[in-house]
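One structure is given here, and the rest of the page talks about it.
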Amino acid sequence: MSELPLTRNVRPDLSPTGIKAYEANGGYQGLRRAMAGLSPADCLQVVKDSKLRGRGGAGFPTGMKWSFVPMDNVSPGHKYLICNADEMEPGTFKDRLLLECDPHQLIEGMILAAYTIGADVAYIFIRAEYLKAARLLREAIEEAKAKHYLGRDILGSGYSLAMYVHASAGRYICGEETALISSLEGKRANPRAKPPFPQVSGLWGRPTIVNNVETLCNIPHIIERGPEWFGSLGLGEDAGTKLFGVSGRVSNPGCWEMPMGTTIREILEDKAGGMAAGYQLRGFLPGGGSTDFLVEEHLDLPMEYESIGKAGSRMGTGTMIVLDDQTCPVGFVKNLIEFFAQESCGFCTPCRDGLPWNAQVLDDIEQGRGKPEDLDTLEQHVGYIGAIGNTHCALAPGAMEPLQSALKYFREDFQRHIDDGACPYRGAH
């Protein structure tokens, strides 16, 4: 097996891998191993020992999350597994690669995850625009059923699982797990208060686990090869490999699987080819649109949860958005804040009213109407809206991350807009 397990079936032309090719390259061997002699408790221990952390952004230990699901039969009824394939974080496109190129890897991972937590129904909650991926997943589900990998009495084990593809309601907030659950129930996609947590009371009030696409795609390899092997793939504290992406004015934007702990410099310069001709690096969001800017001094940091956290940002989805020297930082951040303001569910005041207010202030600055006190207003809003606990969910605090770090690293650009009464970058493109 390749030491880049997640992308071993990704072909140069990005054509999808069917079930025959998937099986020929070791596919469904992890499932066969589990069905032949591993109990759900055995599988849970393997995942715990692997130290796999969620790849959707939060980085929570996967095995620990699964362990919160009650495994007794005191309350008989359905348990659910949901794959979060909504992928609407700005600058993030890693899951789409896995969905379109290797759908059976996700399906096998979901079967194993569902078996481990005792779920009998699984949903792939997919971004509405991912039409190709949804079609390929539905075809792959039927192929898996025909081979008795899915459906009733999987491989003669007595375990049964139904799996469905469900198109998202088309809102960013659906990526938040409780809002996703509300949407899947046919309700408005509002986040729910915790507790109760979904592991105890989720979809239709039943125990539910929600995991990201990339997280679940690791499970077949961990079950087949073991936790020690998975741990050996990482270069530091965090185990396994990761899909890292780069977008912006670089020579070779794209997505690559690399060991956890790979430095930012290696991803940006070796894989993405460095900055495009005529452009210089000013900064980058390391993990999608809702993470804090880092700058050139951070290039030699390893892409690991703790290292990026200590630098003042988050690894998030591991997909960098690059800011170059000819793009206006104010306009860059304004674009993100406008997106998050549009995508708010409207439940709480700081998010519903605060984000549009910030977007308007940024637009005034960008259009040359800024006032000196505007920077104090933005700082005040960052301190209030950006504080976890002041809003119903993490959308607004995440939206404040690029703004608060832009005020830290690019404050002179904000000030110049106000002093000159115009955007100094206008016409630079």
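The values are calculated or read from the model by the stated rules, or taken from the named source; none is laboratory data. Since this is a predicted model, take the numbers as computed values, not measurements. Backbone-built Cβ (ideal geometry, glycine too); neighbour counts: all protein chains shown.
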Expected single match for among the β-branched types (Val, Ile, Thr), at pLDDT 95 or above and crowded, with 19+ Cβ neighbours inside 10 Å among Ile219, Ile173 is Ile219
Give the residue that is surrounded by the fewest Cβ atoms within 10 Å (Cβ to Cβ), with candidates limited to residues of segment 279-307 that are out of contact with any strand residue (DSSP E or B) (no Cβ under 9 Å at 6 or more places or on another chain) and small (Gly, Ala, Ser).
-> Ser307
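Per-residue answers, yes or no, for (1) among the aromatic types (Phe, Trp, Tyr); (2) in contact with a Gly (Cβ under 9 Å, 6 or more places away or on another chain); (3) without any contact (Cβ under 8 Å) to a residue 40 or more places away in the chain:
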{"position": "Asp325", "(1), (2), (3)": "no, no, no"}
{"position": "Ala341", "(1), (2), (3)": "no, yes, no"}
{"position": "Gln360", "(1), (2), (3)": "no, no, yes"}
{"position": "Thr377", "(1), (2), (3)": "no, no, yes"}
{"position": "Tyr384", "(1), (2), (3)": "yes, yes, yes"}
{"position": "Arg411", "(1), (2), (3)": "no, no, yes"}
Would you tally the residues in segment 1-22 being outside any loop (DSSP other than H, G, I, E, B), touching a residue at least 40 places away in the same chain (Cβ under 8 Å) and more than 23 Å from Ser232 (Cα to Cα)?
-> 2
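Picking from Ala133, Ala122, Ala128, which residue would you name as being in a loop (DSSP other than H, G, I, E, B) and either β-branched (Val, Ile, Thr) or in contact (Cβ under 8 Å) with a residue 12 or more places away in the chain (or both)?
Details: Ala133 fails: in a loop (DSSP other than H, G, I, E, B); Ala122 fails: in a loop (DSSP other than H, G, I, E, B).
Sole residue among the options that is in a loop (DSSP other than H, G, I, E, B) and either β-branched (Val, Ile, Thr) or in contact (Cβ under 8 Å) with a residue 12 or more places away in the chain (or both): Ala128.
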Restricting to segment 370-415, what's the tally of residues that are surrounded by fewer than 16 Cβ atoms within 10 Å (Cβ to Cβ) and in a helix (DSSP H, G or I)?
-> 11
Would you mind finding the one in Leu299, Leu268, Leu281 that is free of Cβ contacts under 8 Å to residues at least 40 places away in the same chain, over 29 Å from Val47 (Cβ atoms) and assigned by TED's automatic domain parsing to the domain that holds Thr319?
-> Leu299
For segment 308-344 the number of residues that are over 15 Å from Glu401 (Cα atoms), of a type in the set (S, T, N, Q) and surrounded by fewer than 19 Cβ atoms within 10 Å (Cβ to Cβ) is 3
Scan of segment 225-252 for residues that are in a loop (DSSP other than H, G, I, E, B), within 14 Å of Met320 (Cα to Cα) and under 21 Å from the mean Cα position of the chain (by Cα), ordered by number = Gly248
Taking first residues from segment 26-42 that are without any contact (Cβ under 8 Å) to a residue 60 or more places away in the chain and second residues anywhere that are assigned to a helix (DSSP H, G or I) and crowded, with 16+ Cβ neighbours inside 10 Å, the pairs with Cβ under 6 Å that are 6 or more apart or on different chains are none
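Answer with yes or no whether Cys255 is in contact with a helix residue (DSSP H, G or I) (Cβ under 9 Å, 6 or more places away or on another chain), assigned to a helix (DSSP H, G or I) and not basic (Lys, Arg). Full working, then the answer.
Numbers: in contact with a helix residue (DSSP H, G or I) (Cβ under 9 Å, 6 or more places away or on another chain): yes; assigned to a helix (DSSP H, G or I): no; not basic (Lys, Arg): yes.
Against the criterion (in contact with a helix residue (DSSP H, G or I) (Cβ under 9 Å, 6 or more places away or on another chain), assigned to a helix (DSSP H, G or I) and not basic (Lys, Arg)), Cys255 does not qualify.
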Say whether the condition of being surrounded by fewer than 20 Cβ atoms within 10 Å (Cβ to Cβ), outside the structural domain of Pro286 (by TED's automatic domain parsing) and more than 23 Å from the chain's Cα centre (by Cα) is met by at least one residue in segment 79-101.
-> no
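Working carefully through the options Arg96, Arg55, find the one that is modelled with pLDDT of 95 or more and of a type in the set (Lys, Arg). Reasoning before the result, please.
Values: Arg55 fails: modelled with pLDDT of 95 or more.
Among Arg96, Arg55, only Arg96 is modelled with pLDDT of 95 or more and of a type in the set (Lys, Arg).
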Can you work out which of the residues in segment 258-305 that are outside any loop (DSSP other than H, G, I, E, B) and of a type in the set (Ser, Thr, Tyr) is farthest from Met88 (Cα to Cα)?
-> Thr263
Got a sec? Which of Ala128, Ala133 is closer than 26 Å to Thr7 by Cα and touching a Gly at 6+ places or on another chain (Cβ under 7 Å)?
-> Ala128
Going by the conditions given, is Met315 touching a helix residue (DSSP H, G or I) at 6+ places or on another chain (Cβ under 7 Å), at pLDDT below 95 and not hydroxyl-bearing (Ser, Thr, Tyr)?
-> yes
Which number in (1) in contact with a strand residue (DSSP E or B) (Cβ under 8 Å, 6 or more places away or on another chain); (2) outside any helix (DSSP H, G or I) marks the one condition that Gly346 misses?
-> (1)
Only one of Pro350, Pro402, Pro329 is within 21 Å of the chain's Cα centre (by Cα) and in contact (Cβ under 8 Å) with a residue 24 or more places away in the chain; which?
-> Pro402
Among residues belonging to segment 2-33 that are farther than 20 Å from Val213 by Cβ and not basic (Lys, Arg), point out the one that is surrounded by the most Cβ atoms within 10 Å (Cβ to Cβ).
-> Gln29
